[in-house]
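Q: Before I ask anything, here is the structure I am working with.
The values are calculated or read from the model by the stated rules, or taken from the named source; none is laboratory data. Model, not experiment: these values are computed from the prediction. Virtual Cβ from ideal backbone geometry, glycine too; neighbours counted across all protein chains shown. The accessibility values were calculated without ligands, DNA or RNA, using every heavy atom of the protein model including side chains. Shrake-Rupley method; radii C 1.70, N 1.55, O 1.52, S 1.80 Å.
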Amino acid sequence: MADFLRISVQFLEPLFHGRGEGGRPEWPPSPLRLFQAIVATCARKYPVDEESEPAQAVLKWLEGLPAPVIFTPVHRPGKPYRLYCPDNLGDRVAASWCRGGEASLADSRTEKDIRPTHLLDQSEISYVWHIEETSRPLLNEIRDLVNSVSQLGWGVDQVVADADELSMSELSSLPGVKWVPDDVCGGTALRCPAPGTLQALIRRHGRFLRRISVNDRGEQNFNPVPALTTFRLQTYRPASQVLPRPFEVFQLQGESEGQPFSYPQSKLIHIAGMVRHLAIQAMQRSPPRDVDERWVESFVAGHVLDPENHRQFSYLPLPSIGKHADHDIRRVMIVGPHGSRNWLTHLTNLLAGQRLEATSETRWNGPPTLVHVKGDGVTRCYTTESRVWASATPVILPGHDDHRPAKTRKLIEKALLQSGIDQECQYEWSPFPYFPKSLTAHKYGKDKQPTGYIRPNHLLNQTAVHLKLTFEEQAPIPGPLTIGAGRHCGLGLMARVMES
């Protein structure tokens, strides 16, 4: 049985000229733009209000639906160019000619900047809604309206449109780039219809028809038509896009204000453990209001109580990478999973200004203080979007590869999936680091002495490698990015690679 309504729009030319907020090129074409095109069709088909009542009932139902999923072609912004369009002053020019004047239409032209969007692999856009069984009687009326739509965007954006029903299997096989509604920062904001949009459009059209009025003295007055305001903004993102996780950064400060503090990168798990311990204490004293009694143990401490739904904070000491940097630890980042921004902000406020507690493993004269910072050049090495990433610290694979490359590949792919990375990428691995001053992934050196990074006891028997990941050009990945079994304590931390 069909569960989805699809409205498909086929462009006759692989170009789209519509603009969104602020006059910027709009992509994808917004659901409100499609709704306005259908409303215009309804007004053209049913000029008498009584005749349009059934169609208006359908439009009111359509404006109340949630934001649709959108499938689009791969697109490319076109090169902008400028036209000079004659103003609508033919009557004045003709009157001048009748008087023997030399007026010309060429003297009155308006600049018009064109910024087309090119549709590359196909020319069809689909808007898909989930529908209930009770809504099926409306589908024939919708199809009748949609079949009469001829434009979407500017007048030159000629289209052929249709409406049909889809099953789940048909939906999963739709071609193109899938755009999903998602209330996240940094997405693409598109206008969508909302309850009341139809009546607002009808009122606005009436104001447009009455924009020129004549007063008692026979003088014409222009009445500006107000902009449409009855709609809602919905953030969209490509389904293939990896969303950035929320994070906060602290600088490690010495005993006195402004005094720098550094710690060897080989012992970075000490810093991770101390920050985690401080976070547990702070959250036990002052937990957020909307959590249960097991939340601190699971989300903050990282104990897996529910394997199917486990989520937690990650405590990531940041090696100071750079051309002249020594890779010592001077900053620590706390990263939360998607949707944990409020909890992370709460934890940040509790930890700012707190001192780490020394342990038997640390050897320092005075413990460092956590100073909350907004980020700097080193932080951006771990958080800026990039197509190529390399491990600053070794990736601990979820198992032992028995020194077999085929098994190493499977473990790397498993580690990527466990870290939430399902985008296609090419990867290279080695025990030796990409960044010159990072340490090897080996546990022991040629002299049989421990080398590299100290690991937690439960990760000692698992294979570690340094990774380099290369994603597709059109799908860069935002940081912070951590991979592998040690991803919550600073191992498997990836840094961007600057492409030449």
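Q: Considering only the stretch 13-35, I want to know if a residue exists there that is touching a strand residue (DSSP E or B) at 6+ places or on another chain (Cβ under 7 Å), at pLDDT 90 or above, over 20 Å from Trp154 (Cβ atoms) and assigned to a strand (DSSP E or B).
A: no
Q: If you don't mind, there's one more thing I want to ask. More than 23 Å from Val39 (Cα to Cα), modelled with pLDDT under 90 and open to solvent by 40 Å² or more (accessible area, probe 1.4 Å) - does that describe any residue in the stretch 193-206?
A: No; the residues of the stretch 193-206 include none that is more than 23 Å from Val39 (Cα to Cα), modelled with pLDDT under 90 and open to solvent by 40 Å² or more (accessible area, probe 1.4 Å).
Q: Could I ask something else about it? Out of all the residues in the stretch 268-304, which are under 16 Å from Pro456 (Cα atoms) and open to solvent by less than 70 Å² (accessible area, probe 1.4 Å)? Before you say what the answer is, go through the steps one by one.
A: In the first step, residues of the stretch 268-304 are kept if they are under 16 Å from Pro456 (Cα atoms); the result is 268-277, 301-303.
Leu268, Ile269, His270, Ile271, Ala272, Gly273, Met274, Val275, Ala301, Gly302 - these are the residues of the stretch 268-304 that are under 16 Å from Pro456 (Cα atoms) and open to solvent by less than 70 Å² (accessible area, probe 1.4 Å).
Q: Taking only the stretch 464-479 into account, find how many residues are surrounded by 23 or more Cβ atoms within 10 Å (Cβ to Cβ) and in a loop (DSSP other than H, G, I, E, B).
A: Number of matching residues: 1.
Q: Sticking with this structure for a sec: Could you list, in sequence order, all residues of the stretch 391-431 that are aliphatic (A, V, I, L, M), over 20 Å from Pro476 (Cα atoms) and in contact with a Ser or Thr (Cβ under 6 Å, 6 or more places away or on another chain)?
A: Scanning the stretch 391-431 gives a single hit, Leu397.
Q: Note down all Cβ pairs under 6 Å where the first residue falls in the stretch 321-333 and is open to solvent by 20 Å² or more (accessible area, probe 1.4 Å), the second is hydrophobic (A, V, I, L, M, F, W, C), and they're at least six residues apart or on different chains.
A: Arg330/Leu252; Arg331/Val249; Arg331/Leu318
Q: Within the stretch 480-500, work out how many residues are open to solvent by 40 Å² or more (accessible area, probe 1.4 Å) and assigned to a strand (DSSP E or B).
A: Total meeting the criteria: 1.
Q: Which members of the stretch 383-408 meet the condition of being surrounded by fewer than 15 Cβ atoms within 10 Å (Cβ to Cβ) and not in a loop (DSSP other than H, G, I, E, B)?
A: Pro405, Ala406
Q: Considering only the stretch 17-37, I want to know if a residue exists there that is open to solvent by 20 Å² or more (accessible area, probe 1.4 Å), among the hydrophobic types (A, V, I, L, M, F, W, C) and more than 19 Å from Gly176 (Cα to Cα).
A: Scanning the stretch 17-37, I find no residue that is open to solvent by 20 Å² or more (accessible area, probe 1.4 Å), among the hydrophobic types (A, V, I, L, M, F, W, C) and more than 19 Å from Gly176 (Cα to Cα), so the answer is no.
Q: Let me ask something else. I'm told Glu428 meets every condition in (1) among the charged types (D, E, K, R); (2) touching a Lys or Arg at 6+ places or on another chain (Cβ under 9 Å); (3) surrounded by 15 or more Cβ atoms within 10 Å (Cβ to Cβ) except one. Can you identify the failing condition by its number?
A: Evaluating Glu428 over (1) among the charged types (D, E, K, R); (2) touching a Lys or Arg at 6+ places or on another chain (Cβ under 9 Å); (3) surrounded by 15 or more Cβ atoms within 10 Å (Cβ to Cβ) leaves (3) as the failure.
Q: Testing Ile321 on (1) within 30 Å of Gly445 (Cα to Cα); (2) out of contact with any helix residue (DSSP H, G or I) (no Cβ under 8 Å at 6 or more places or on another chain); (3) aliphatic (A, V, I, L, M), one condition comes back false. Which one is that?
A: Of the numbered conditions (1) within 30 Å of Gly445 (Cα to Cα); (2) out of contact with any helix residue (DSSP H, G or I) (no Cβ under 8 Å at 6 or more places or on another chain); (3) aliphatic (A, V, I, L, M), the odd one out for Ile321 is (2).
Q: Taking the condition over 30 Å from Glu170 (Cα atoms), modelled with pLDDT of 85 or more, out of contact with any strand residue (DSSP E or B) (no Cβ under 9 Å at 6 or more places or on another chain) and not small (Gly, Ala, Ser), does Lys79 pass? Step through it out loud before you land on a result.
A: Values: over 30 Å from Glu170 (Cα atoms): yes; modelled with pLDDT of 85 or more: yes; out of contact with any strand residue (DSSP E or B) (no Cβ under 9 Å at 6 or more places or on another chain): yes; not small (Gly, Ala, Ser): yes.
Yes, satisfied.
This table checks each residue for (1) charged (D, E, K, R); (2) over 27 Å from Thr383 (Cβ atoms).
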site	(1), (2)
Asp402	yes, yes
Glu424	yes, no
Trp429	no, no
Lys437	yes, no
Ala441	no, no
Gln449	no, yes
Val465	no, no
Glu472	yes, no
Pro478	no, no
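Q: For the stretch 218-234: of the residues being open to solvent by 30 Å² or more (accessible area, probe 1.4 Å) and in a strand (DSSP E or B), which is farthest from Arg331 (Cα to Cα)?
A: Gln220
Q: Could you tell me whether Leu190 is under 30 Å from Gly420 (Cα atoms), of a type in the set (A, V, I, L, M) and in contact with a Gly (Cβ under 8 Å, 6 or more places away or on another chain)?
A: Criteria met by Leu190.
Q: Scan the stretch 251-258 and tell me whether some residue there is of a type outside the set (Gly, Ala, Ser) and surrounded by fewer than 15 Cβ atoms within 10 Å (Cβ to Cβ). Don't jump to the end; show me each part of the working.
A: Looking only at the stretch 251-258, we keep the residues that are of a type outside the set (Gly, Ala, Ser), and these are 251-253, 255, 257.
Adding the requirement that they be surrounded by fewer than 15 Cβ atoms within 10 Å (Cβ to Cβ) leaves 255, 257.
Yes - at least one qualifying residue is present in the stretch 251-258.
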